[in-house]
Amino acid sequence: MSAALLEIENLNKSFRTDSKSVQALRGIELDVREGEFVTVIGPSGCGKSTLLRIIAGLERGETGTVKLSGEPIRGPGIDKGFIFQEPRLFPWLTVEKNIAADLSLRKPEVRSKVDELIRLVKLEGFAKAYPRELSGGMAQRVAIARALLRKPKILLLDEPFGALDAFTRAHMQEVLLDIWKHNGTTMILVTHDIDEAVFLGSRIMILKPRPGEIRGQIAVELSYPRKKASTAFQEYRYRVLREFERIDELAWGESGAGI
Amino acid sequence: MSSHSSAPRRTSKWAHSPPEHRNRRAVLLRRAGDALLGLLLPVAVLVLWQWFGDAGRISPLLFPTPSVIWASFLWLLETGMLGESLGVSLARTAAGFGLGAGLGLVVGLAVGLSRVIERLLDSSVQMLRMIPHISVTFLFVLWFGIGETSKIMLIAKGSFFPLYIYTFLGVRNTDNKLFEVVRVLGYSRFKTLVRLVLPATVPGVMLGIRLSLAIAWVSLVVSEMMGSTSGLGYLMMDARAMSDTPIVFVGIALFTLLGKLTDMLVVYMERRLLAWRGS
C-alpha cells in the first residue's frame with residue numbers, strides 16, 4: 001500500500017453550547033490514498049460535515065492529528081478544494097471570472113486552463129453568463145471548476161448535490177466521475193444518499209451519530225460506470241443499509257432511545 | 001461549417017437570457033408607447049393651465065401661464081443670468097456633494113470594516129444625523145460666512161449621511177458564506193477587501209449616492225435662499241422679492257430637471273455596474 005495522502009489519527013471534536021458540550025466526532029481514524037474516491041455517509045448530525053471542514057482547515061480538531069502529504073493542516077488553502085452544498089459563486093462575476101476568481105484571465109495559461117475546465121464541466125457557451133442565469137446544477141459545476149483550477153491535492157465535497165432534483169443529481173454524479181477519471185483528483189464526498197455513496201465511492205465510510213464515529217467501511221469493487229439497477233449495485237446498497245440497521249440496534253441497546 | 005457549430009450554442013444561451021433580448025424592435029415600440037403614456041398627464045396639465053390662464057380664470061401673479069414662464073426662461077437665457085447662476089449652483093453642488101459623499105463613503109467603509117471604529121464613531125454619527133438640516137443653516141452662515149464655504153458645507157453635511165449609512169450597510173450585508181469561500185481560495189485580507197467586500201458593497205453605495213444627491217439638491221436650494229448673492233436659489237429669492245413669479249417657476253422647473261437628470265445618470269451607472277443583478 002502506498003503512503004496515504006491524507007492521514008487522520010484519533011481525531012476528536014466537540015462543540016460547546018451555552019450549558020453543555022456535545023461531542024461531534026470521536027476517535028476518527030482515516031487514511032486516504034492518492035487518487036481514491038471516498039464517500040462518507042451518515043444520517044444528519046453525525047458530524048460528517050464537521051469532519052470535512054476540519055480536513056479543509058475551516059475548523060480545528062481538538063485532539064488528534066490531520067495530515068495532508070505528511071504536513072499537519074493549519075488552515076484553509078487552495079491545496080484543499082472545497083465544494084459547499086450551495087454553489088457560493090460571486091454573483092457579480094461571470095462564469096469564467098468566477099472560475100478564475102483571483103487569477104487574471106489575461107494570463108494565457110489561466111485563460112487556457114479556464115477554457116479547458118469549462119469544457120470539462122460541460123458549460124460551453126456560458127462563459128460570459130452571470131450566476132443568476134444558471135440553474136443550480138450549472139452553478140455547482142462552476143464551483144467545481146473554480147476549485148479544480150487551483151489543482152487541489154484533494155477535493156472535499158459537502159453534500160454538493162443535496163439541493164438538486166433527482167435527474168440533475170444523477171447527471172452531476174456522472175460529470176463528477178468524468179472529472180475524477182480525467183484528472184485523477186483525490187476526492188472525499190459527504191452525503192446522506194446511499195445510492196450516491198455507492199455510485200461514486202471506491203470506498204464508503206459509514207458514520208454513526210452522537211458522537212460521530214466511523215462504524216464501518218466498505219470497499220466497492222465495482223467497475224465504473226456503475227449501473228444503479230444492477231444486482232451487484234443493489235448488493236452494496238443492502239450492505240450499507242445493514243450497517244445502519246446494526247447502528248440502530250446498537251443505539252437502542254446503549255441508551256434505549258432511537259436515533 | 002462554422003455557422004453549423006455555433007448554432008446550438010446560441011440557442012442554449014438564448015434559452016437562458018431574459019425575454020426582452022428576443023425582439024429588440026417590439027421592445028423599442030413598447031418603450032416609446034410607455035413614454036407617451038407617461039407624458040399624457042403632464043401635457044394635459046400644461047394645456048389646461050395655459051387655457052385657464054388665457055381665459056383669465058387664474059391669477060397671472062400666482063400662476064403665470066406656461067408660455068409666460070417660457071418667455072422668462074428665454075429672457076434669462078439671453079441675458080446670460082441663467083447660465084451664470086446655473087454655473088455657480090452646479091459648482092457648489094459638485095463641491096459639496098464631492099466632499100460630503102466622499103467622506104460618507106470613506107467613513108462608511110471604515111465603520112463597516114472595523115468593529116472598533118464602529119463603536120468609536122457610529123453612535124456619534126447617528127446622533128449628528130438627527131440634527132434637523134434646516135435648523136443649522138443659520139449657524140453655518142454665521143460660522144462660514146455668506147460666501148461659498150457655508151453653502152458647500154451645508155450640502156456636504158446633507159450628502160454625507162445617506163452614503164455613510166448605505167456604505168456601512170453594504171459592507172455588513174456581504175454574504176457570510178462567501179467569506180468562507182475566499183478562505184478556501186486562500187485570499188489575503190487585502191484580497192478579501194478588494195475582491196469580495198468592495199464589490200458586494202457597490203449596490204449599497206449606488207443607493208446611497210442616489211439619496212445623497214437628492215439631499216444635495218435640497219441643501220443647495222436652502223443654502224442659496226437663506227443667504228446668498230448668486231446662484232439659482234438666489235435668482236428665485238430675488239425674483240420673489242420683486243414679485244416676478246415666472247422666474248420663481250423657472251427656478252423650480254430647473255431644480256426639478258437637474259434633480260431628475262442627475263438621478264437618471266446614477267440609475268444609468270447603476271444599470272451598467274450592477275448588470276449582474278438583472279432587471
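The values are calculated or read from the model by the stated rules, or taken from the named source; none is laboratory data. None of the values given here were measured: they were computed from a predicted structure. Neighbour counts are summed over all protein chains in view; Cβ atoms, including those assigned to glycine, are modelled from backbone coordinates with ideal geometry.
Of note:
- Those residues of the range A:51-109 which are part of a loop (DSSP other than H, G, I, E, B) and more than 11 Å from every other protein chain (Cβ to nearest Cβ), in sequence order: A:ARG60, A:GLY61, A:GLU62, A:SER69, A:GLY70, A:ILE73, A:ARG74, A:SER104, A:LEU105, A:ARG106, A:LYS107
- Residue count for the range A:1-37, restricted to those that are in a strand (DSSP E or B), among the hydrophobic types (A, V, I, L, M, F, W, C) and at pLDDT 85 or above: 6
- Candidates B:PHE140, B:PHE179, filtered to the one that is buried (at least 18 other Cβ atoms within 10 Å of the Cβ) and touching a Ser or Thr at 6+ places or on another chain (Cβ under 9 Å): B:PHE140
- Qualifying residue in the range B:240-257 (condition: of a type in the set (Ser, Thr, Tyr), assigned by TED's automatic domain parsing to the domain that holds B:PHE160 and at pLDDT below 90): yes
- Single residue of B:GLY170, B:GLY158 found to be within 14 Å of chain A (Cβ to nearest Cβ) and in contact (Cβ under 8 Å) with a residue 12 or more places away in the chain: B:GLY170
- Residue in the range B:190-204 that is under 30 Å from A:GLY77 (Cβ atoms), among the polar types (S, T, N, Q) and either over 21 Å from the mean Cα position of the chain (by Cα) or crowded, with 17+ Cβ neighbours inside 10 Å (or both) present: yes
- Residue match in the range B:215-229 (condition: within 20 Å of the chain's Cα centre (by Cα), within 14 Å of chain A (Cβ to nearest Cβ) and not hydroxyl-bearing (Ser, Thr, Tyr)): no
- Listed by first and then second residue, the pairs linking a residue in the range A:145-171 that is over 11 Å from B:LEU185 (Cα atoms) to a residue that is among the basic types (Lys, Arg) and not in a helix (DSSP H, G or I), with Cβ atoms under 6 Å apart and 6 or more places separating them unless they lie on different chains, are A:ILE154/A:LYS80.
- Qualifying position, being away from chain A (no Cβ under 14 Å) and closer than 16 Å to B:GLU224 by Cα, among B:SER124, B:SER135: B:SER135
- Scan of the range A:121-138 for residues that are under 22 Å from B:VAL184 (Cα atoms) and either loosely packed, with under 15 Cβ neighbours inside 10 Å or of a type outside the set (Ser, Thr, Tyr) (or both), ordered by number: A:VAL121, A:PRO131, A:GLY136, A:GLY137, A:MET138
- Residues that are of a type in the set (Val, Ile, Thr), under 11 Å from the mean Cα position of the chain (by Cα) and more than 11 Å from A:ILE41 (Cβ to Cβ), drawn from the range A:178-210: A:THR186, A:ILE188
- Strands (runs of 3 or more DSSP E) lying entirely in the range A:146-225 (those with 1 or more residues that are of a type in the set (Val, Ile, Thr) and within 20 Å of A:GLU245 (Cβ to Cβ)): A:186-191, A:203-208, A:213-219
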